[in-house]
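Derivation of every value follows stated rules applied to the coordinates shown; laboratory data play no part. Predicted model only: the values in this text are computed from it and were never measured. Ideal geometry is used to build each Cβ from the backbone, glycine not excepted, and the neighbour counts take in all protein chains shown.
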Amino acid sequence: MRILLTNDDGIHAPGLTVLEEIAAQLSDDVWICAPAEEQSGAGHSLTLHQPVRLREHGERRFSVTGTPTDAVGLGLRKLFADRKPDLVLSGVNAGENLGDDITYSGTISAAMEAALAGIPAIGLSQAFRDRGPGFDAATAWGARVLAPLIDVQMAKRTLVNVNFPPLAAEDVKGIRVVRQGFHDYSRGSLVEGTDPRGRNYYWFGLQDAEHTLDHGTDLEAVEDGYIAVTPLQLDLTNHSAISDLADRFVA
């Protein structure tokens, strides 16, 4: 199995090293193509108004001067002329990607780009709380979570989001397959300041964002000490609203 690894924290991120260790338990044909610098919060952005560059860091190891989407898109086009990857893994992100985080997440967007190309894709994120055990849960449980998933025939334009709780490996309670939860980002913090030239600046923060621990969600699962596995789809159509809206345009 040929596996492509990527992320949004950059080629030198500790979480990518963790992902390499996980992938090595699944295959000996592992490639890396990740952003040269951190791209957290980049979402599914694509660089269009300036060139991106591909740099080799060693055998099967590359970085791209762009977004996670650029890294996957360029990697697939330039590195795999003979044979595409069988699987794309994105992460392990330093921080959770739960609920509406996925709309901002470069980690998940890299997996989305792979899904758009018809390649099975999984995003992995490690939740942190204060000075917790770091990537311990992801390191110990990563291969165990992935093994059943890589045997699944994923439908086109779908992917899987995996979040590890901020616990030591032995304290993780298990794995739950759950739906996406909900954050209220309108309550996120906004820091205002003045730069050395006297101009105002604003810095967005997420510290005060609220979330609802509805039953059966990724937020609840991680809060309860479980690994959250959430299947996602790229079809954003609100199918239940089509008929009602169509009726409004009937002559």
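Report the FRET efficiency, 1/(1 + (r/R0)^6), for residue 77 and residue 236, where r is their Cβ-Cβ distance and R0 is 22 Å, rounded to 0.05.
On the way: r = 25 Å, r/R0 = 1.15.
Between residue 77 and residue 236 the formula returns 0.30.
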- Query: Among all the lysines, which ones have a C-alpha under 25 Å from residue 173's C-alpha, if same-chain residues fewer than 8 places away are not counted?
  - Reply: none
- Qualifying trypsin sites (Lys or Arg not before Pro) for the stretch 128-191 [loop in DSSP, other Cβ within 10 Å: at most 14]: 129, 131, 156, 157, 173
- Message: Report the per residue volume, in Å³, of the convex hull enclosing the C-alpha atoms of the stretch 5-146.
- Response: 108 Å³
- Task: Under a cut-off of 30 Å between alpha-carbon atoms, report the lysines in cross-link reach of residue 156, not counting same-chain residues fewer than 8 places apart.
- Result: 78, 84
- Order of 20, 59 - criterion: other Cβ atoms within 10 Å of each residue's Cβ, fewest first: 59, 20
- Item | Cβ-Cβ FRET estimate between residue 169 and residue 194, R0 fixed at 45 Å, reported to 0.05 | 0.50
